[in-house]
1. Could you check how many residues of the range 26-40 are in a helix (DSSP H, G or I) and over 19 Å from the mean Cα position of the chain (by Cα)?
2. Pairs please, first residue from the range 5-29 and farther than 17 Å from residue 45 by Cα, second anywhere and modelled with pLDDT under 90 and not in a helix (DSSP H, G or I), Cβ atoms under 7 Å, 6+ apart in sequence or on different chains.
3. Any residue in the range 177-184 that is modelled with pLDDT under 90, in contact with a helix residue (DSSP H, G or I) (Cβ under 8 Å, 6 or more places away or on another chain) and assigned by TED's automatic domain parsing to the domain that holds residue 148?
4. Give the residue, chosen from 223, 229, 187, that is buried (at least 18 other Cβ atoms within 10 Å of the Cβ), in the same structural domain as residue 117 (by TED's automatic domain parsing) and either at pLDDT 85 or above or outside any loop (DSSP other than H, G, I, E, B) (or both).
5. Spot the failing condition for residue 58; the list is (1) assigned to a loop (DSSP other than H, G, I, E, B); (2) over 22 Å from the mean Cα position of the chain (by Cα), and only one is missed.
6. Tell me the residue from 144, 115 that is at pLDDT 90 or above and loosely packed, with under 14 Cβ neighbours inside 10 Å, please.
7. Scan the range 102-110 and tell me whether some residue there is surrounded by 11 or more Cβ atoms within 10 Å (Cβ to Cβ), within 25 Å of the chain's Cα centre (by Cα) and not assigned by TED's automatic domain parsing to the domain that holds residue 231.
8. Within the range 101-123, is even one residue under 22 Å from residue 248 (Cβ atoms) and not in a helix (DSSP H, G or I)?
């Protein structure tokens, strides 16, 4: 099988014409996010171009230090993305989220690369792309979970106070909120798994086939990465909430 067709700068630039359609629809629908769309498109392009050149160098000059550095940057940015604007979270809750995201992301990544693929965890060709998918989806999942959890608590203050007055343990009050947030965070991943192969072909599989990989091999990799993503999201959210919500009350069973 032949690899993907190389695109010239002109061919590549033609894809941006599609954004004109988006801008027209947004204007017609009075969606005032034109600036955000342009900024997001520009930022995405610049970031990916830079990363592309960096990865080209890293892949050509494999070094464990480069791989470790890349993983640290990925985890740091993902943690910052989740907690930077959450003023409703205390310090211990944020630490729980950061630790959970780092632990689950690395645990699933190391298992996938060393046990399933049987490559060194310091191999940048496998570790960096897989880390991006695993950690990135875990970040999205925990973002959804924390928002759901805190919004539910905010909307149920009277119910929580009533239960406290009745002598119900704080952990028993918060546990259902954590369970609901976990369920909500898993829905996007499970919906993707349900529709995969029939409704759409996922990005990793499509990319591998474009590069000349046999469809059967691409399918096995895609199934494996989706299970890895689901596991990473589940562990990250479960640990973040179950460690984090304990910081919302003190030893006297009072909410802080």
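The values are calculated or read from the model by the stated rules, or taken from the named source; none is laboratory data. All values reported here derive from a predicted model rather than from experimental measurement. Positions of Cβ are generated from backbone atoms using ideal geometry, with glycine treated the same way; all protein chains shown enter the neighbour counts.
1. Going through the range 26-40, the residues in a helix (DSSP H, G or I) turn out to be 26-28, 34-40.
Applying the additional criterion that residues be over 19 Å from the mean Cα position of the chain (by Cα) yields 26-28, 34-39.
Final tally of qualifying residues: 9.
2. From the range 5-29, the pairs are 26/33.
3. Going residue by residue through the range 177-184, those that are modelled with pLDDT under 90 are none.
No: zero hits.
4. Values: 223 fails: buried (at least 18 other Cβ atoms within 10 Å of the Cβ); 187 fails: buried (at least 18 other Cβ atoms within 10 Å of the Cβ).
Only one candidate passes the filter, namely 229.
5. (1)
6. Values: 144 fails: loosely packed, with under 14 Cβ neighbours inside 10 Å.
Going through 144, 115 in turn, the sole match is 115.
7. First, pick out the residues of the range 102-110 that are surrounded by 11 or more Cβ atoms within 10 Å (Cβ to Cβ): 102-110.
Now drop any that are not within 25 Å of the chain's Cα centre (by Cα), which leaves 102-110.
From what's left, not assigned by TED's automatic domain parsing to the domain that holds residue 231: none.
No: zero hits.
8. The answer is no, given that none of the residues of the range 101-123 is under 22 Å from residue 248 (Cβ atoms) and not in a helix (DSSP H, G or I).
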